[in-house]
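Colleague: Could you have a look at this structure, given as structure tokens, before my questions?
What follows draws every value from the coordinates through simple rules; no lab data is involved. Keep in mind it's a predicted model, so treat the numbers as computed, not measured. Reconstructed Cβ throughout: ideal geometry from the backbone, glycine too, with neighbour counts over all protein chains shown.
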Amino acid sequence: MKKIILLFLCILTGMYEVRACDICGCGVGSYYIGILPDFKKRFIGLRYQYKTLRSHLGPGGTTSYLTTDETYQTAELWGGWNIGKRFRVLGFVPVNFNSRENQGVTMSKSGIGDIAVVGYYQLLDQQHTTANNKLLVQSLWIGGGIKMPTGKYEPTEHKENEDAPNNFQLGTASTDFTLNAMYDVRLMDLGLNANVSYKINTNNRYDYRYGNKFTANILAYYKIRVAPKVTIAPNAGVLYETAEKDQEARKYAVDISGGHSLLATAGVEATLGNISVGGNFQPVLSQQLADLRIKAGNRGMVHVTYLF
């Protein structure tokens, strides 16, 4: 087990050293996986995510007449398919609802976002009984994915608002790639789940490139069997994100971009036969975004999923 944990930490460290966005967690090009529902073959469901952002902040986070409150909501169709014993494919089809308010005036836009597909290979699938006669189960999945430019991107949005993050988009207009790893270890009903992802962005046709982004989250959970087909799993952990600055014309760094944030995560997952429901709340613990000119708010997510 120690060797497996060491391998996972090596993957995490190696990806972090590359150190590489949209402002962490908000806007286009982000998706959160967390604990997957317990499924043996396939699942399909709907997720709703809510995120906020405050921009145009002065020194020390002071506000002015320029300060803008932005809200990013996503209704997402997502699904997974286990192919044989070693392969897994996840898909994400988001519909974004963005709004921006300044001095009582609200702007909004909505539409399909960037569709993403991620493939995984199961490197480890192990279970055995410990010396105390307790069942220990662990698995490690590694893989990669692609995000396609299906969402609308408006180049005038950035040109007209150069002192604001280029987040108020439905898509990035670029084809991007991810490297992913998922590790889960469980002793009887107590488990630990970790996900890492490194997103490699490319230049879009408007010669704008969002900074590469690294995301890692770790969650502890406990499965409570209420009935033969009913399980409740409260969970808690942390989520960390860091990103490079965006680039224009392949060489100019965009000041209002990049940074890092750390969030706590508390939620619950419940499985009732073939139906899985869950949600979490993610309060911000610390952040340093766009040289402190941006401040992200707390986040939330709920989902309902059908297992088949």
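Colleague: If you project the alpha carbons of the range 2-307 onto their three principal axes, what span does each projection cover, largest first, in Å?
Modeller: 63, 37, 36
Colleague: Which one of 300, 237, 63 is farthest out on the positive end of the charge dipole of the chain, using unit charges on Cβ (Lys, Arg +1; Asp, Glu -1) and the Cα centre as origin?
Modeller: In the chain, that residue is 237.
Colleague: Oh, and also: How large is the dipole of the range 2-307 about the Cα centre if only Lys and Arg carry +1 and Asp and Glu carry -1, each at its Cβ, rounded to the nearest 20 debye?
Modeller: Computed charge dipole of the range 2-307: roughly 1260 debye.
Colleague: Another question, if that's okay. Rounded to the nearest Å, what's the spacing between the alpha carbon centres of the range 263-294 and the range 69-119? Just the number, please.
Modeller: Centre-to-centre (Cα) distance: 15 Å.
Colleague: Can I ask one more? What is the Cα convex hull volume of the range 146-252 when expressed per residue in Å³?
Modeller: Here the figure is 139 Å³ per residue.
Colleague: To make sure I understand, if each residue's beta carbon is the centre and we count other beta carbons within 10 Å, what order do 308, 168 fall in, fewest to most?
Modeller: Lowest to highest Cβ neighbour count: 308, 168.
Colleague: What does the net charge come to around residue 152 if you take all other residues with beta carbon closer than 12 Å to its beta carbon, with K and R at +1 and D and E at -1?
Modeller: My count for the surroundings of residue 152 gives -2.
Colleague: With the cut-off at 29 Å, tell me which of the pairs 152/199; 40/152; 134/199; 51/152; 199/295; 199/229 have Cα atoms farther apart than that.
Modeller: Over 29 Å Cα-Cα: 40/152; 134/199; 199/229.
Colleague: Turning to a different aspect of this structure: Going Cα to Cα from residue 159, which aspartates and glutamates come in below 15 Å? Please leave out same-chain ones fewer than 8 positions away.
Modeller: Straight-distance partners of residue 159: 207, 246, 248, 255.
Colleague: With 10 angstrom as the radius, rank 188, 182 by how many other C-beta atoms surround their C-beta, starting from the fewest.
Modeller: The order, fewest Cβ neighbours first, is 188, 182.
Colleague: Setting aside same-chain residues fewer than 8 positions from residue 223, which aspartates and glutamates have a Cα under 17 Å from its Cα?
Modeller: Residue 223 reaches 38, 184, 189, 269.
Colleague: Sorted by average packing, counted as other Cβ atoms within 10 angstrom per residue and highest first, what order do 217-229, 84-96, 58-70 take?
Modeller: Ranking the peptides 217-229, 84-96, 58-70 by packing returns 84-96, 217-229, 58-70.
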